[in-house]
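Here the structure is laid out as structure tokens; the discussion comes afterwards.
The values are calculated or read from the model by the stated rules, or taken from the named source; none is laboratory data. As the structure is a computational prediction, the values presented were derived from the model and not from experiment. FYI the Cβ positions are ideal-geometry reconstructions off the backbone, even for glycines, and counts take in every protein chain you see. Side chains are part of the model used for accessible areas, which takes the heavy atoms of the whole protein and leaves out ligands, DNA and RNA. Shrake-Rupley method; radii C 1.70, N 1.55, O 1.52, S 1.80 Å.
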Amino acid sequence: MGVAGAPKNLIFASTGPKPELGFADAINNDVVILAGAEHCLIYDRTIRSDGLLWSEFVSWWGAHHPEESDPAKSLGLRLRASLSSLAEQGLFDTYFRRYRPMLRSTLPALIPQVYLHYDPAVVRTLRHRTSFPRQRMDFLLLLPNRARVVIEVDGQHHFTRNDRPSLPAYSEMVSADRDLRLAGYEIYRFGANELVGTGAQALIERFFDRLFDLHGVRSAATGETPLERSEAPR
């Protein structure tokens, strides 16, 4: 079924403090960064209901950075710079190493560190106002049929507070997951330890093979999903 509504103003790839936003035009929902623009990116082009492709992402980046001779490479490096853990970097690197040559022009954009909920800065100064429990997603894929796929890489902080196991911390996480699922999102969680060391690459590839098969993401060249290709006779 997917998520109702059209995505706008993707705010992502933060490498520093959360940016402060305002509306340049509240009627058109045009966002402007008031502070912290140097730490994040905003994708401001129209996103179709059938998703966002890596080729479209690169085109947008190249238009904003005409000095770049290889916009795909420079965009990839900028996105990777927003990833703080080896587990996140491993997932990101494996995704592009395997699926970029396989899917080419049909490769979905893997978007890191995407702000999902956004509290204005003033919330921090008001009494009795609590912020949203989940501000940012580790990765987002916008796939055909309005599908929005969230990928989370869970480290110790997802289940602990002050380095001790915490049921309240875990409860907040699963409660936020339920809300997202009821809104139409798909959520897939990995333990950080799964994504490093022996077997991590194969695990990541199996996951994306099955995900793309489920959503009908096919190569423009062969018409096959990654899973169909991997199961084809040699």
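What's the FRET efficiency of ALA202 with PHE96 using the Cβ-Cβ distance as r and R₀ = 22 Å, to the nearest 0.05?
Details: r = 16 Å, r/R0 = 0.75.
According to the calculation, E is roughly 0.85.
Ranked by accessible surface with a 1.4 Å probe, highest first, in what order do MET137, MET102 come? Walk me through the numbers before you get to the answer.
Details: MET137 5, MET102 25 Å².
Putting MET137, MET102 in descending order of accessible area: MET102, MET137.
If packing is taken as the average count of other Cβ atoms within 10 Å, what order do 72-80, 205-213 fall into, highest mean first? Don't skip to the end; give the middle numbers.
Working: 72-80: 16.3, 205-213: 18.2.
In descending order of packing, they fall as 205-213, 72-80.
Roughly what would the spin-label model give for HIS64 and ILE187, points 7 Å off Cα along C-beta, in nm?
It is 2.8 nm.
Return the distance in nm (one decimal) between the two label points of a simple spin-label model at GLU224 and SER84, each offset 7 Å from Cα along Cα→Cβ.
A separation of 4.1 nm, rounded to one decimal place.
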